[in-house]
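This report refers to the structure that appears directly beneath it.
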Amino acid sequence: MLRSLSSISKSTVRCMSLTSKLAAEQPSKQEVDDLFAEKPAHSNEQRRHAYSLNKVELVGGVALDPLFKEAKNGKNYLLFNIITNSSYRQPDGNTLENSERHVVTVFGKQAESLSKTIKKGSRLMIQGRLHYSGGQKDEQGNRTQRNTYIIANTVQPLARAARENPEKQ
């Protein structure tokens, strides 16, 4: 069960507030431990389980033909980009379109199967979770680029890509 905002202590709110600089950094182990630590002794409620959710659902088109690869550990995976579109209306009445590219990774037997069926232009529905890599400091103190990936659990083809040569042979 989620706690109401009124029951969150001021120190917790300070820890949860983010600036744009902090949002790009990986949280430290201490910050994660503090976030999921038990409630203070003065609290009457007992905390049973912490609730968290990392879920992504996308419907879009495959931007380029997928890449089927084998990882160093021998696991097969499929890597591709999916494009989603959204539109919004400005106060002056104009409608603007926005396209975003998402990097999707599929593992195992599903990756093998999809590598044979999807290609550039395929419409897909994807359910999965967000995964981040990078964002660490190197020896010179420079921060590496932080990348966002979607690890897909379910990939459902919605429509096949149009043929390049619609002529009958």
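From the convex hull of the Cα coordinates of the stretch 56-159, what is the mean projected area in square nanometres?
Reported value for the Cα convex hull: 9.4 nm².
Could you list which residues have their amide H under 5 Å from that of Lys120, counting only those 5 or more apart in sequence or on another chain, with H placed in the peptide plane?
For Lys120, whose amide H was placed from the backbone, the distant partners under 5 Å are Asp65.
Mind listing which GluC sites (Glu not before Pro) in the stretch 65-165 are in a DSSP loop and have 11 or fewer other Cβ atoms within 10 Å? It would help to have the intermediate numbers written out before the result.
On the way: sites: Glu70, Glu97, Glu100, Glu112, Glu139, Glu164; in loops: Glu139, Glu164.
Of the GluC sites (Glu not before Pro), the ones in loops of the stretch 65-165 whose Cβ has at most 11 other Cβ atoms within 10 Å are Glu139, Glu164.
When only DSSP loop residues count, what trypsin sites (Lys or Arg not before Pro) in the stretch 70-142 have their Cβ near at most 11 other Cβ atoms within 10 Å?
Lys72, Lys75
Quick one: putting +1 on the C-beta of Lys and Arg, -1 on the C-beta of Asp and Glu, what dipole do you get for the stretch 56-159 around its Cα centre, in Debye to the nearest 20?
300 debye
Could you tell me the relative contact order of the stretch 56-159? Use alpha-carbon pairs under 8 Å, at least six residues apart, and round to a whole percent.
So the answer I get is 30 percent.
Add +1 for every Lys or Arg and -1 for every Asp or Glu among the other residues with Cβ under 10 Å from the Cβ of Ile82, and state the total.
+1
Across the stretch 56-159, how many lysine pairs, 8 or more positions apart or on different chains, have C-alpha atoms separated by under 18 Å? Please give the number.
Going through the stretch 56-159 pair by pair, I get 8.
I'd like the chymotrypsin sites (Phe, Trp or Tyr not before Pro) in the stretch 49-144 restricted to DSSP loop residues with at most 10 other Cβ atoms within 10 Å, sorted by number.
Hits after loop and neighbour filter: Tyr51.
Taken together, the values in this text are just the output of simple stated rules run on the coordinates, not laboratory data. Since we're looking at a predicted model, the values are computed, not measured. Please note: Cβ atoms are built from the backbone with ideal geometry, for glycine as well, and neighbour counts cover all protein chains shown.
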